[in-house]
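First the structure, in the form of C-alpha cells, and then the observations on it.
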Amino acid sequence: MSAGKLRGLKRIADEEGRFRMMAIDQRGSLQRMLRGVLSREVAYGDLAAIKRAIVKVLSPWSSGTLIDPVYGYPEALKYFPKDVGLLITLEETGAEKVGPSGQERKSRLIAGWDVPKTRRLGADAAKLLIYYRGDASPDVVEHQRRIIREVGEACVRNDIPYVLELVGYPFKEDEDEETYAKRKPEIVFDYVSEFSKPEYNVDILKVEFPANLKYCQEFAAGEFDGQRREPLYDLTAVEGFCKRVTELARVPWVILSAGVDIDEFVENVRIAAENGASGFLGGRAIWQDCVNYYPDIEAVEQCLSTSGVDNFQRLYAASQDATPYFEARPFRGYPRIELEGRGESWYRDY
C-alpha cells in the first residue's frame with residue numbers, strides 16, 4: 001500500500017484498527033434542522049457555531065471526524081484534537097434532480113474545492129458522497145461513476161485515502177416506503193459490488209445498512225418509532241444481508257447513520273459489526289438532539305457532553321466486534337501489509 005494511504009488509514013482508525021468516526025459535514029439537512037428551531041433564515045454563522053460546538057465536545061470521542069470545508073473546518077479548526085483523524089468532504093450538498101421521473105440524482109463537487117486542497121490542509125482522508133441507483137438512466141449512472149472515478153484518480157495522485165459514501169434513493173413510481181425497503185438489500189449489494197472494483201481506487205466504503213430494521217420481524221411492532229409494520233424479513237435474513245456486503249466488498253466498509261434515531265443506529269452498527277463491517281461513520285444519530293437548544297451554545301454543549309457522549313459510548317459497545325481494517329479485504333492481517341515500492345530507492349521513486 002502507498003505511504004500516504006496507509007498513514008491516513010491508521011490516523012482515522014482507533015488503536016484497535018476499528019473506525020469509530022463522526023460526521024459533521026451536513027449542510028442542507030442541518031440548515032433545515034436549524035430553520036425549524038429558529039423559524040428564520042439560517043446564516044453562515046449559525047451553521048459554523050453548531051459545527052464548532054459539536055467538534056469541540058464530541059470529536060475527542062471519535063477515531064476520525066468528517067467535516068466540510070465551507071462552514072465547518074475554517075470555524076472549528078482550533079478545536080480538532082491532535083490525536084483524532086480528519087476527513088474532509090468533497091461533494092456539494094444535495095443533488096440535481098433529473099431523469100424521466102425528475103427524481104433521479106446527479107451529484108456535483110464543491111466549486112473551488114478539490115483533493116489537492118484537501119491534502120494541503122492536512123486531512124487524513126477525502127470523502128465523497130454519491131447518490132446512486134444502478135438501475136437509473138444510463139447517462140445518470142455514467143455521470144455518477146465518472147465523478148467517483150475521477151476523485152479516485154485524484155486521491156491516488158495525492159496519496160490520500162478515499163472514503164466513498166453511497167446512498168440509494170427511491171425514484172420509481174411504485175417505490176413507497178415498503179417497496180423501497182424490500183428492494184434496499186439489492187440496491188446496496190449492487191453499489192458495493194460496483195465500487196469495490198479497483199478502477200475506482202476506493203479505500204473505504206461508507207454504506208447504508210442493507211435493510212430497513214423497521215420492517216424486520218423482530219422490530220416491526222414499532223420498536224423505533226411506535227408505528228407497526230408488516231415485516232419483510234427477519235433478523236437472520238438481515239444478518240445474511242450484512243454478510244453478503246462483506247463478501248462483495250473488496251475494501252473495509254463502515255455503516256452510515258442515514259438520519260435514523262440513535263436506538264436504530266445502535267442496532268444497525270451492532271448487526272453490521274458482527275457480520276463484517278469495520279465500524280461506523282455516524283452523523284445526526286449521534287448529535288442531532290443538541291440542535292434543539294440552539295442558539296444557547298452553553299445548552300448545546302451541555303446536551304452534547306451528556307446525551308451526545310452517551311450515544312458515542314453506546315456505539316463503541318455496539319461496534320466491539322467490528323473487523324479491524326487490516327483484517328478486512330484486501331489486507332488479511334497487519335503483517336501482510338507492506339509499503340508499496342519499499343526498498344533502497346523508495347525515497348527517490350515516491
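The values are calculated or read from the model by the stated rules, or taken from the named source; none is laboratory data. Since this is a predicted model, take the numbers as computed values, not measurements. Because the Cβ atoms are built from the backbone with ideal geometry, glycine has one as well, and the counts that use them run over all protein chains shown.
General remarks:
- Inside the stretch 306-350, residues that are among the charged types (D, E, K, R), in a loop (DSSP other than H, G, I, E, B) and surrounded by 13 or more Cβ atoms within 10 Å (Cβ to Cβ) make up a count of 3.
- Filtered residues of the stretch 270-301 (kept if assigned to a loop (DSSP other than H, G, I, E, B), of a type outside the set (A, V, I, L, M), closer than 14 Å to residue 256 by Cα and touching a helix residue (DSSP H, G or I) at 6+ places or on another chain (Cβ under 8 Å)): 278
- Pairs meeting the criteria (first residue in the stretch 139-152 and crowded, with 20+ Cβ neighbours inside 10 Å, second residue part of a helix (DSSP H, G or I), beta carbons under 6 Å, at least 6 apart or on different chains) are 148/200; 152/200.
- Residue 239 being closer than 28 Å to residue 127 by Cβ, part of a helix (DSSP H, G or I) and either over 20 Å from the mean Cα position of the chain (by Cα) or at pLDDT 95 or above (or both): yes
- Selection count, the stretch 95-136, where residues are within 25 Å of residue 193 (Cα to Cα), touching a helix residue (DSSP H, G or I) at 6+ places or on another chain (Cβ under 9 Å) and of a type outside the set (Lys, Arg): 15
- Test result for residue 165, touching a Leu at 6+ places or on another chain (Cβ under 7 Å) and either free of Cβ contacts under 8 Å to residues at least 40 places away in the same chain or within 19 Å of residue 142 (Cα to Cα) (or both): yes
- Condition met for residue 76 (part of a helix (DSSP H, G or I) and not hydroxyl-bearing (Ser, Thr, Tyr)): yes
- All positions within the stretch 42-65 that are assigned to a loop (DSSP other than H, G, I, E, B) and crowded, with 20+ Cβ neighbours inside 10 Å: 62, 63
- Scanning the stretch 181-202 for residues that are outside any helix (DSSP H, G or I) and either touching a Gly at 6+ places or on another chain (Cβ under 8 Å) or crowded, with 23+ Cβ neighbours inside 10 Å (or both) returns 201, 202.
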